[in-house]
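Everything on this sheet refers to the single structure shown next.
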Amino acid sequence: MIKPKTQHEIEMMRKAGKIVGDTLKLMQKSVRIGITTKELDKIAFDFITSQGAYPSFLNYDGFPASICTSVNETVVHGIPSDYALKDGDIIGIDVGACYKGYHGDAARTFCVGNVSEKVKQLVKETRECFYQGIEGLKAGDRVGTISHRIEHHAKHFGYGIVRELVGHGVGKNLHEDPQIPNYGSDNSGEIIPPNSTLAIEPMINLGTRQIYLLGDDWTVITRDRLQSAHYENTVLVTENGVEILTLMDGETRYDEI
């Protein structure tokens, strides 16, 4: 069952979401050729803790880092390491911050140096999948409406839509009801009550949807080793529409990739 948030909880979620958005903005500025994913993790940890929050992912079910750093064919849950970013890479950075017991959760995929046009388009259209998913969304709609719209947009480009991993509710717990797949039938699933907070996160592959889990039990990669992009925001759904809680400062739907 989807648990609506009180006004106090919504204010805490807004603060957690701003910390997440500001962390992602810092990541965007920090991503460059030669920086290691472990260095990015340290920058994120230092910033999140400086804001009076704690990284939601650190030690979550044993995850050993503050952010997920998913490079190229890594779909999600990449563990920061000594890998140095190379010209032409893309990197999905997933950030969670817990502020006074409430979580914000969001991800962006950033381009490193000279990225091919087809991969840039993947990153752009993955972002657009998110915005298509929330277009006109309001309390009283069903979860499947989000899923269907994401699937419809991704299919238009022939992309693989990851099915094994889904979006989710978020609040006092990092993962709450409902599950939000990136595919499905329109007007299906649970009804979204007013003041619901959801983490909507298209995970879209350049090739097929097939994925597999590496031996570290975290890192998920595409089976064909083609690139994958990830775009996520925590949103508040009300009777009047959607408020995105985790945008980077100045970010819009149409920013250049």
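FYI, it's all coordinate maths here, none of it is from the lab. Just so we're clear, the structure is a prediction, and the values are computed from it rather than from any experiment. Note: ideal-geometry Cβ built from the backbone for every residue, glycine included; neighbour counts use all protein chains shown.
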Mind checking which aspartates and glutamates have their Cα closer than 13 Å to the Cα of residue 5? Skip sequence neighbours fewer than 8 apart in that chain. 176, 177
Relative contact order of the chain, please, whole-number percent, based on alpha carbon pairs below 8 angstrom and at least 6 residues apart. 24 percent
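Can you figure out the FRET efficiency of residue 255 with residue 225, using R₀ = 22 Å and their beta-carbon distance, to the nearest 0.05?
On the way: r = 28 Å, r/R0 = 1.28.
According to the calculation, E is roughly 0.20.
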Residue pairs, from the table 38/86; 15/100; 25/118; 86/155, whose Cα atoms sit over 18 Å apart: 25/118; 86/155
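How high is the relative contact order of the range 60-103, in percent, with contacts defined as C-alpha pairs under 8 Å that are six or more residues apart?
Numbers: 49 pairs, mean separation 16.9, N = 44.
Relative contact order comes out at 38 percent.
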From the list [x] -0.32, -0.41, -0.98; [y] -0.49, -0.58, -1.02; [z] -0.20, -0.27, -0.88, can you say which value of log10 I(q)/I(0) by the Debye sum over Cα atoms at q = 0.07, 0.08, 0.14 Å⁻¹ was derived from the structure given? [z]
Proximal charge balance of residue 129 [Cβ under 9 Å; K/R count +1, D/E count -1]: -1
Given R₀ = 41 Å, what would the calculated FRET efficiency be for residue 114 paired with residue 50, taking r from the Cβ atoms and rounding to 0.05? 0.80
Compute the label zone of residue 210 within the range 102-144: residues whose backbone N is under 20 Å from the point 7 Å along Cα-to-Cβ. none
Mind giving me the nanometre distance, one decimal, between the label points for residue 243 and residue 157, set 7 Å out from Cα along Cα→Cβ? 3.0 nm
Expressed as a fraction of 2.2 N^0.38 Å, the rule-of-thumb size for a compact globular protein of N residues, what is the C-alpha radius of gyration of the range 135-197? 1.13
Using the crude model of +1 on Lys and Arg Cβ and -1 on Asp and Glu Cβ, and no other charge, please compute the dipole size for the chain relative to its Cα centre, in debye to 20. 180 debye
GNM, the chain, Cα, under 10 Å: largest mean-square fluctuation among 117, 11, 39? 117
